Amino acid sequence: MKFDTPATTNPIDQLKVIGKPTNRIDGPLKTTGLAPYAYERHDVAANQAYGYVVGSAIAKGRISSMNLDAAKAAPGVLAIVTAGTAGKLGKGNFNTAKLLGGPAIDHYHQAIALVVAETFEQARAAAALVRVEYARSKGAFELAAALDAAIKPPAVFGTEPDSSVGDFAGAFAAAPVQLDARYTTPDHSHAMMEPHASIAAWDGDKLTLWTSNQMIAWSVGDMAKTLGIPKENIRFDSPYIGGGFGGKLFNRADVLLAALGAKAARRPVKVALQRPLMINNTTHRPATIQRIRIGATADGKITAIGHESWSGDLPGGGPETAVAQTRLLYAGANRMTAMRLAVLDLPEGNAMRAPGEAPGLMALEVAVDEMAEKLGIDPIQFRVINDTQVDPEKPSRPFSQRQLNECLKTGADKFGWARRNAKPGMTRDGQWLVGTGVAAAFRNNMNAPSAARVRLDTAGVVTVETDMTDIGTGSYTIIAQTAAEMMGLPLDKIVVKLGDSAFPVSAGSGGQWGANSSTAGVYAACVKLREAVAQKLGMNPLDAVFAGGKVKAGRRSAALGDAAKDGELVAEDKMDYGDLAEKYQQSTFGAHFVEVGVHAATGEIRIRRMLAVCAAGRILNPKAARSQVIGAMTMGAGSALMEELAVDKRFGFFVNHDLAGYEVPVHADIPHQEVIFLDETDPTTSPMKAKGVGELGICGVAAAVANAVYNATGIRTRNYPITLDKLLDKLPAIA
Amino acid sequence: MKSFTYERVETPAAATAAFAKTKGARFIAGGTNLLDLMKLEIETPAHLIDVSRLALDTIEPTTDGGLRIGAMVRNTDLAADARVRRDYGLLSRALVAGASGQLRNKATTAGNLLQRTRCPYFYDTNMPCNKRKPGSGCAAIGGFSRLHAIVGASDACIATHPSDMAVAMRALDAWVETVDGAGKTRSVPVADFYRAPGKTPHLDTVLAPGELITAVTLPKPVGGTHIYQKVRDRASYAFALISVAAVVQKDGSGRVALGGVGYKPWRIEAAEAELPRGAKAVTAKLLAGAKPSHENAYKLPLVERTLAGVLAQARG
């Protein structure tokens, strides 16, 4: 099915199942521990051996020698895989550095060996016996020091590095009110609960990988390229994923080394990346340095807006697209954005929840708050004044839906914004200085082609098969809701099977495109199934009404399952997209409101309450969507207040490489969260009329926190995370 | 993790005897730190002697009006003990400021004292670390040192001791009771329990090999207002950037110990004489000779401000 004209009324609009706050259909399996994660799939292959990864002890250089004798002789050892033994390996399209390093080393903790043994403990003990000598070479590990050598990178997923409209320099220079400020965001880790983990088994030249992966088809292709075998010979299975946040978009060392280890040991091998390795071995959100310039008239109209961002990556990598939202968020006739990329020899930078917008808004939405203050205009009003209903770089393109102002106004009412004292440092609660802040949330909507297969049996049960993944987001449930709505069935008559590369190729989970795209694919398959059912029952497909487990046309009525009495009915289709996303700018919007307390003595910052108001198309399941948004708000709070991969600039690695050292918020940090979804349907996105929310929820949160800290204390921090050491010398003396 | 043998003992005498019998033995109780260290091969005991079932899990009054806390009393039980909550509120508050509920259920009084630093370079076996591998150097000096010591450190080590409990015990003048292989007992003030890193940072405490902690004793209650203020980036489940343990009397006198600033709970009795003159004066004496790095220099004003807040709170 091709989606190339805006959706009209369709069966989804019945909203009998879609749009309901349905509990997760996989919830009981997860809460009772019956949903097996990759490392726990003991039953899929007999005789599983254990692999343990050895990571490079240096950031850049070469392995000068590797002595495996002691490790090979250790109890239980079955095989040791190194670049020397693995044969010729390619590199996946989505990998910047090789997943198995050596002799050249590209980054710290790059995998250099896998030790396979009968037990995990034996593999770990033997791995410690691998003796490696290195020749270190000099690397670049500090973004600030590499700026001068930064280059203009090629386009990333169609995003050009530079953009320019009008005369930015002239308009900025002429603006009566100006802001020119520099902001920094640090490297962030996905730090999801489930480590990267895989089990591999070979059957002749056929390879099966039970793994934890967000993008099945991408990863099958990359694995084929890496191993140099046809992708038809590879099967991925990833039904349950314990968090990804972008860290599992691509193959990592676990899955490649499991495959190589299983080949070497001639039996199934399982590998989980050890937690202390994860942060330097896998990808992270790269640090940025950003410069923002805004010029405005005295009454608050932006006349010039400029945003530049610098980030670093390994050779061949890409930039963090931190200027992306600035091209679209606010009006202004004269504009410029630019991204520059430095070579750094730190681990590989890549996508993490809302890549681009998350760090970009950390800067932009503080700049907007600063500008509003300079103008003496309320920060909500300043944003409203500069709203645009068209793409400001290409005014002929309207936004398909844009309710940013409504989000801001609704949030202001709900949050009690009118009671706020705009003058900083004026509100006190015991030992706490109290302040509130606001920021806009913005994340683009992307659609991706997505296919599904649906099967109807005689019992009237519909089974959906697609390689879509559920990374904790609720994919199982919204797909079941879609099939139930389309086929006129209750949820308990729907079975959803995900994450298997034997199923039709879906959009996968990334870029918050999963919900709308994958359900649109299921919609397409269900349209085909409805046609097949009607035909089988001798009804006109256009007249057939699917409801209550029955199909009715005129006076005729039949149980849905009757259509399968001669055998299962199977339908498969894929949703493809025309050019609506070019004609209309499809984006999601929101407003974040945060109240913080700053301890007057210690400078500790504690969030007191958070509110998000989101306008993001049809909300397919308000409960799952709310969970996505509160999780994202929590992650945003972490990026505001504590998350930072500490770079050792001498040794070239992230020092705090475990969950004790890389702090993410705990329950005590997040006392109260509220989420409001504005009523919205977007007929330009798909027949589902939905968009994504999983990334929108993080966008702008950190800036709202920073702005609240400013309101509480009068201290403006432009370098994240906002930790107490950055406030102490500016806080008032303690009596 | 290296392979090891394991036995469980029922009496302190059996524990010390087992230690004498086996080379490379270590005592294990809650194991909340030791097992992590073994997995990383930072600790490689050949033999574990499980002392967690020793009958040292009671809290008893002492003849001089104090409390004797058995070495195996769990952190959770110690924090919840009615006598501790009434008379040694500082200790109870320090305990619940530490770790998590699950860890406190497992962690013992003796084990808490003996936990090792959380310096990230200590935990990364690719990095030089004199505490982990004597003579290899210190990667924390000149590295990521935001969390590290500002007082009492040496050119060989700038690690801090991570315990909250020990900071309260130091302020309360607690003593550590031990027994050695010969059955000889001794009592060491917490003040003297930890060794300055000097050139031998691998030695954390004054305990001799095989010497077993049997109890911690608290002198009779000192009254006053007890405040344990732990400062951290994350509201829970994080080690202290710094902490202030204070007992403040109505007349303004009192005691102050600090966590997160050095290799041991940091208390200088002479500094307490400055309490009537306020936090600045106390801090100046407490942290005299501090040698912070660029990354942890914030700890000096932080201590002063936190102490000022604590004193203001104590005044009510």
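So that you can scan it fast, the table gives a plain yes or no per residue for (1) within 24 Å of A:ARG285 (Cβ to Cβ); (2) out of contact with any Cys (no Cβ under 8 Å at 6 or more places or on another chain); (3) not β-branched (Val, Ile, Thr):
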position	(1), (2), (3)
A:GLU663	yes, yes, yes
A:ALA702	yes, yes, yes
A:ASN711	no, yes, yes
A:ILE715	no, yes, no
A:LEU731	no, yes, yes
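Among all positions in region B:292-308, there is at least one residue which is of a type in the set (Val, Ile, Thr) and within 14 Å of chain A (Cβ to nearest Cβ). In region A:724-735, the qualifying residues are those that are in contact with a Ser or Thr (Cβ under 9 Å, 6 or more places away or on another chain) and of a type outside the set (A, V, I, L, M, F, W, C), and the one that is nearest to the other protein chains (Cβ to nearest Cβ) is A:LYS726.
Quick grid of which residues meet (1) among the hydroxyl-bearing types (Ser, Thr, Tyr); (2) within 14 Å of another protein chain (Cβ to nearest Cβ); (3) without any contact (Cβ under 8 Å) to a residue 40 or more places away in the chain:
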position	(1), (2), (3)
A:VAL81	no, no, no
A:LYS98	no, no, yes
A:GLN110	no, yes, no
A:PHE120	no, yes, no
A:LEU143	no, no, no
A:ALA150	no, no, no
A:ALA155	no, no, yes
A:VAL165	no, no, no
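Within region B:1-35, the set of residues being within 14 Å of chain A (Cβ to nearest Cβ) and at pLDDT below 95 comprises B:MET1, B:LYS2, B:SER3. Please determine whether any residue of region B:16-36 is within 19 Å of the chain's Cα centre (by Cα), hydroxyl-bearing (Ser, Thr, Tyr) and buried (at least 16 other Cβ atoms within 10 Å of the Cβ). Yes, there is a match, as at least one residue in region B:16-36 is within 19 Å of the chain's Cα centre (by Cα), hydroxyl-bearing (Ser, Thr, Tyr) and buried (at least 16 other Cβ atoms within 10 Å of the Cβ).
Residue pairs whose Cβ atoms lie under 7 Å apart, sitting 6 or more positions apart in sequence or on different chains, and linking a residue in region A:584-603 that is within 14 Å of chain B (Cβ to nearest Cβ) to a partner that is crowded, with 24+ Cβ neighbours inside 10 Å and among the basic types (Lys, Arg), are A:ALA601/B:ARG305; A:THR602/B:ARG305.
Scanning region B:236-254 for residues that are more than 17 Å from the chain's Cα centre (by Cα) and surrounded by 20 or more Cβ atoms within 10 Å (Cβ to Cβ) yields B:VAL247, B:VAL248, B:GLY254. Within region B:121-150, the set of residues being more than 14 Å from every other protein chain (Cβ to nearest Cβ), crowded, with 23+ Cβ neighbours inside 10 Å and small (Gly, Ala, Ser) comprises just one member, B:ALA149. Here region A:665-681 is the region considered, the condition is being facing another protein chain (nearest Cβ under 7 Å) and without any contact (Cβ under 8 Å) to a residue 24 or more places away in the chain, and the residue that is farthest from A:THR185 (Cα to Cα) is A:ALA668. For A:ALA418, the conditions (1) under 33 Å from the mean Cα position of the chain (by Cα); (2) of a type in the set (A, V, I, L, M); (3) surrounded by fewer than 19 Cβ atoms within 10 Å (Cβ to Cβ) are fulfilled apart from (1). Scanning region B:203-248 for residues that are within 22 Å of B:VAL84 (Cβ to Cβ), outside any strand (DSSP E or B), away from chain A (no Cβ under 14 Å) and in contact with a helix residue (DSSP H, G or I) (Cβ under 9 Å, 6 or more places away or on another chain) yields B:LYS220, B:PRO221, B:VAL222, B:GLY223, B:GLY224. Of the strands (runs of 3 or more DSSP E) entirely within region A:550-636, those holding at least 2 residues that are crowded, with 19+ Cβ neighbours inside 10 Å and modelled with pLDDT of 95 or more occupy A:569-577, A:587-599, A:605-615.
Answer yes if at least one residue in region B:51-63 is over 15 Å from the mean Cα position of the chain (by Cα) and over 16 Å from B:ALA215 (Cα atoms), and no otherwise. Checked region B:51-63: no residue is over 15 Å from the mean Cα position of the chain (by Cα) and over 16 Å from B:ALA215 (Cα atoms). Within region B:103-115, does at least one residue satisfy the condition of being within 14 Å of chain A (Cβ to nearest Cβ), out of contact with any Pro (no Cβ under 7 Å at 6 or more places or on another chain) and surrounded by 24 or more Cβ atoms within 10 Å (Cβ to Cβ)? No, that holds for no residue. Taken over region A:482-526, the criterion of being more than 20 Å from A:GLY472 (Cβ to Cβ), outside any helix (DSSP H, G or I) and in contact with a Gly (Cβ under 8 Å, 6 or more places away or on another chain) is satisfied by A:GLY488, A:LEU489, A:PRO490, A:PRO504. Take B:LEU286 and tell me if it is modelled with pLDDT of 95 or more, crowded, with 23+ Cβ neighbours inside 10 Å and within 14 Å of another protein chain (Cβ to nearest Cβ). Taking the combined requirement at face value, the residue does not satisfy it.
Note on region B:147-194: residues that are closer than 30 Å to B:THR76 by Cβ and either in contact (Cβ under 8 Å) with a residue 40 or more places away in the chain or in a helix (DSSP H, G or I) (or both) total 29. Every residue in region A:685-723 that is surrounded by fewer than 24 Cβ atoms within 10 Å (Cβ to Cβ), more than 14 Å from chain B (Cβ to nearest Cβ) and hydroxyl-bearing (Ser, Thr, Tyr), please. The answer is A:TYR710, and nothing else. A search for C-beta distances below 9 Å between a residue of region A:307-325 that is over 19 Å from A:ALA145 (Cβ atoms) and any residue that is basic (Lys, Arg) and not in a loop (DSSP other than H, G, I, E, B), counting only pairs 6+ apart in sequence or on different chains, returns A:HIS307/A:ARG291; A:HIS307/A:ARG293; A:HIS307/A:ARG327; A:HIS307/A:ARG335; A:GLN325/A:ARG443.
Looking at region A:639-647, can you tell me whether even one residue there is touching a residue at least 60 places away in the same chain (Cβ under 8 Å), in contact with a helix residue (DSSP H, G or I) (Cβ under 6 Å, 6 or more places away or on another chain), more than 9 Å from chain B (Cβ to nearest Cβ) and surrounded by 23 or more Cβ atoms within 10 Å (Cβ to Cβ)? Yes, region A:639-647 contains a residue that is touching a residue at least 60 places away in the same chain (Cβ under 8 Å), in contact with a helix residue (DSSP H, G or I) (Cβ under 6 Å, 6 or more places away or on another chain), more than 9 Å from chain B (Cβ to nearest Cβ) and surrounded by 23 or more Cβ atoms within 10 Å (Cβ to Cβ). Exactly one residue out of B:ALA153, B:ALA191, B:ALA196 is crowded, with 16+ Cβ neighbours inside 10 Å and out of contact with any Asp or Glu (no Cβ under 9 Å at 6 or more places or on another chain): that is B:ALA153. Within region A:652-664, the residues that satisfy the criterion of being more than 7 Å from chain B (Cβ to nearest Cβ) and crowded, with 17+ Cβ neighbours inside 10 Å are A:GLY652, A:PHE653, A:PHE654, A:HIS657, A:ASP658, A:TYR662, A:VAL664. Out of region A:41-70, which residues are charged (D, E, K, R), under 24 Å from A:VAL255 (Cβ atoms) and surrounded by 15 or more Cβ atoms within 10 Å (Cβ to Cβ)? Result: A:ARG41, single match.
The values are calculated or read from the model by the stated rules, or taken from the named source; none is laboratory data. Keep in mind the model is a prediction, meaning the values are calculated, not measured. Every residue, glycine among them, receives a Cβ derived from its backbone with ideal geometry; neighbour counts consider all protein chains shown.
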